[in-house]
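Quick notes on the structure that follows.
The values are calculated or read from the model by the stated rules, or taken from the named source; none is laboratory data. The model shown is predicted, which means the values in this text are computed figures rather than measured ones. Cβ placement follows ideal geometry from the backbone for every residue including glycine, while neighbour counts extend to all protein chains displayed. Only protein heavy atoms, including side chains, enter the accessible area calculation; ligands, DNA and RNA are left aside. Shrake-Rupley method; radii C 1.70, N 1.55, O 1.52, S 1.80 Å.
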Amino acid sequence: MYFHIQHIIGDPTFLVGPNASYHAGAIDGQEWQSPEAFATIQKLAPSLPHLKPLLVAFFKGAAQTWKHFTSEFAPGGLIDEATQQEHDLAWMLPTNDINEGALGSFHVMMHWQPQLTLIGYNAQAMFFHNNTEALMKKYFVEPEDYKFIHSAA
């Protein structure tokens, strides 16, 4: 990644230029996630005289940050030298907010089912999270089992 960033700093026409394409501009060589946005930027680029200098400045900052965040992964670095036990002990959530995934799910669910109450959402979320259906199939053998749950609800 660092070398790709340096490549763009040296010649930003790989991203913004008459022959720019994802083949050279994207680090993975895969097509842009939004080809329409890329085409729009290419169309506007000639009328934006500060675009290339701003792009270079952005990537210079990104290069410094990239070195800072990846130094511990380098051979001989803290992460490279850590034992499996140390890796396991260092595990942390992938986001800063433990509720981020749940809040996102809630937002999507409320979009599709705006009549749903918070209690209904929580019950549904717990049903799927705890694999309640498998428990019910295993232990609910009498119709009274279902009637009890329905009356409690």
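Table: residues versus (1) modelled with pLDDT of 90 or more; (2) touching a helix residue (DSSP H, G or I) at 6+ places or on another chain (Cβ under 7 Å); (3) within 30 Å of residue 73 (Cα to Cα).
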| position | (1), (2), (3) |
| --- | --- |
| 103 | no, no, no |
| 107 | no, no, no |
| 118 | yes, no, no |
| 121 | yes, yes, no |
| 131 | no, no, no |
| 136 | no, no, no |
| 146 | no, no, no |
| 152 | no, no, no |
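Criterion applied to 54, 78 was being closer than 21 Å to residue 4 by Cβ and either hydrophobic (A, V, I, L, M, F, W, C) or open to solvent by 60 Å² or more (accessible area, probe 1.4 Å) (or both), and the one residue passing it is 54. Which one is least open to solvent (accessible area, probe 1.4 Å), of the residues in the range 81-95 that are part of a loop (DSSP other than H, G, I, E, B) and not aliphatic (A, V, I, L, M)? Looking at the filtered set, the residue picked out is 95.
Screening residue 71 against (1) over 30 Å from residue 91 (Cα atoms); (2) exposed (fewer than 15 other Cβ atoms within 10 Å of the Cβ); (3) touching a Gly at 6+ places or on another chain (Cβ under 7 Å) leaves a single unmet condition, (1).
Considering only residues in the range 22-51 that are within 19 Å of residue 1 (Cβ to Cβ) and outside any helix (DSSP H, G or I), the one that is nearest to the chain's Cα centre (by Cα) turns out to be 33.
The set of residues in the range 2-18 that are within 25 Å of the chain's Cα centre (by Cα) and not in a helix (DSSP H, G or I) contains only 15.
Criterion first (open to solvent by 80 Å² or more (accessible area, probe 1.4 Å), closer than 30 Å to residue 10 by Cβ and of a type in the set (A, V, I, L, M, F, W, C)) does residue 66 satisfy it? Here the answer is yes, as residue 66 does meet what is asked. Selection of first residues in the range 41-66 that are aromatic (Phe, Trp, Tyr) and of second residues that are open to solvent by less than 40 Å² (accessible area, probe 1.4 Å), restricted to Cβ pairs under 7 Å at least 6 apart or on distinct chains, gives the following pairs, ordered by first then second residue: 59/5; 59/8; 59/9; 66/5. Restricting attention to the range 125-146, the residues that are under 21 Å from residue 103 (Cα atoms), in a helix (DSSP H, G or I) and open to solvent by 90 Å² or more (accessible area, probe 1.4 Å) add up to 3.
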